[in-house]
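Read-outs: derived from the displayed coordinates by stated rules, not from any lab. Here the structure is a predicted model, which means the values were calculated and not measured. We place every Cβ from the backbone using ideal geometry, glycine too, and count neighbours over all the protein chains shown.
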Amino acid sequence: MSTDGFGIGVVGCGFITRERHLPSVGYLPGVHVAGLQNRTRSTADTVADACREEGWGDPTVADSVAGLVADPAVDGLWVTSPNFTRVDVIDEAVDALEDGATLRGIAMEKPVARNLAEATRILDRVASVGVPHAYLENWPHEPDISGMRELLWSRGREAGRPYLARAQAEHTGPHSAWFWDGEKQGGGALTDMLCHALAGNEVLLSDPATDTADTTADNASDPNADPDAGLTPVSVTADTETLKWGREEYAAELREEHGVDYETNPADDYARATVRYEDAEGTPLVSEATGSWCYVGSGVRRTIELLGPEYSGQVLSDEASSSVFLSDAVGDGEGWAEKQNATSGRTPIAAADVVTGGFVAENRDAVDSFRAGENGALDLTDGYRVLRTCMAAYKSAEEGREVVLADADLEGYTPPPARR
């Protein structure tokens with residue numbers, strides 16, 4: 001471990017790392033990028049150069065996960081690699097720890113894994129070495145969302161707890177080829193987009209007073225434990241469809257650009273789920289979530305709402321505070337906003353997305369928690385529960401019925417898009 005600040009070692013140099021996690025380090029005093037590891041070495045070398053140019057750190061590039069973990073400059077491991085690599089990454093990291101390497105914490109980008117069997121293995125292995133952990137889900141950390149939650153709960157508590165959370169998340173489709181592959185990703189838009197909305201809704205419906213509960217590595221290793229005894233998930237009802245990308249012209253585009261066949265083996269590009277909860281008194285609470293890869297517009301479109309007996313709150317994240325307009329005559333080139341679908345017309349100006357999008361806050365929480373020897377505000381057990389809800393949603397959509405969580409056997413379940 002380093003003694004000069006907190007050194008982050010990152011496994012995976014894809015979009016979320018390059019454009020969100022690494023830039024967020026610039027907002028965290030005493031934190032720097034200490035090391036990188038990526039399946040393609042040249043990509044890691046390029047990202048390391050960018051870190052040096054931007055002043056985020058002077059990272060070494062490791063040839064293996066074990067080498068990254070063994071680097072004494074690396075205090076915390078950030079795992080942002082593709083979903084299908086997660087188990088192997090954690091196995092190699094934990095093996096290195098068992099061989100004498102040290103870490104102050106392990107943070108994993110959403111989702112934790114492709115299915116519950118993989119997630120259980122990850123949690124078991126991390127728990128076996130007693131290392132604090134964090135689940136990197138940015139939505140609950142976004143200033144607008146967390147601020148709405150704090151304000152409505154504090155001012156509305158006398159009227160009664162909130163009873164309905166709604167979230168919508170959609171864009172035109174993933175950045176990388178593996179995301180479109182149901183087997184490699186573990187699903188489709190449901191596990192990519194709906195997991196954000198489901199996690200965000202659950203946090204909004206949870207009492208902020210429970211956030212101060214002890215979250216040490218030792219007492220948060222049970223994936224079936226409910227961190228908020230007043231919020232119990234009861235059942236899930238869901239639908240999934242392939243609305244856009246299974247059509248002949250779009251399937252041909254995916255086949256040519258990404259090598260996936262959505263005519264024969266489609267993944268869902270639209271998903272909707274309703275999760276029914278009960279509070280400690282048995283009062284019903286509801287989470288409504290939709291997500292898709294079908295939206296054609298200016299970047300990512302999201303709506304988040306929280307409703308209670310005498311109050312309501314709303315966050316509209318697609319309403320950019322500033323934008324520019326380019327005519328077709330000058331619109332040839334790449335867009336510069338995430339998921340921007342066109343290079344002409346209206347384009348939002350992304351002002352400090354790493355701050356407004358919650359990435360600075362989630363990484364600050366992880367670093368501060370690891371320094372204190374604790375799990376993050378969201379940890380890997382939270383990631384397990386979100387994934388369990390996703391699996392219940394796929395099962396509900398596949399079977400056309402409500403899935404009661406207390407009766408559901410989801411540990412061995414694989415979503416239809418991930419079956420080969």
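Overview of values
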item: Length gained when the stretch residue 42-residue 15 is fully extended (0.36 nm per residue, less Cα-Cα span); result: 8.2 nm
item: Total lysine pairs whose alpha carbons fall under 20 Å of each other in the chain (8 or more apart, or interchain); result: 4
item: Cβ crowding within 10 Å averaged over residues, with 193-203, 122-132 ranked highest first; result: 193-203, 122-132
item: Over the chain: helical MRE at 222 nm, DSSP H runs n ≥ 4 each giving -39500 (n - 2.57), nearest 500; result: -9000 deg cm²/dmol
item: Pairwise FRET efficiency - residue 419 versus residue 144, Cβ, R0 = 51 Å, nearest 0.05; result: 0.85
item: Gaussian network model of the chain, Cα within-10 Å springs - most flexible of 274, 120, 210; result: 210
item: Distance cut-off 18 Å, percentage of C-alpha pairs in segment 51-118 lying past it; result: 42
item: Estimated vicinal HN-Hα couplings, Hz - segment 264-280 in sequence order (Karplus 6.51, -1.76, 1.60; Gly, Pro = x); result: 8, 10, x, 9, 5, 10, 9, 8, 9, 9, 10, 10, 9, 10, 10, 8, 4
item: Volume per residue of the C-alpha convex hull in the chain, rounded to whole Å³; result: 143
item: Rounded Å value of the spacing that divides the Cα centres of segment 182-199 and segment 131-155; result: 20
item: Interchain or long-range residues, amide H under 5 Å from residue 164's placed H; result: 286, 307
item: Fully extended contour minus Cα-Cα distance, from residue 252 to residue 316, at 0.36 nm per residue; result: 19.7 nm
item: Within a Gaussian network of the chain (alpha carbon springs, distance under 10 Å), most fluctuating of 315, 11, 386; result: 315
item: Potential lengthening between residue 239 and residue 296 on full extension [0.36 nm per residue; Cα-Cα distance subtracted]; result: 18.4 nm
item: Neighbour-count ranking [beta-carbon atoms within 10 angstrom, fewest first] of 179, 15; result: 15, 179
item: Unit charges at the beta carbon, dipole of the chain: most positive-side option, 254, 360, 296; result: 296
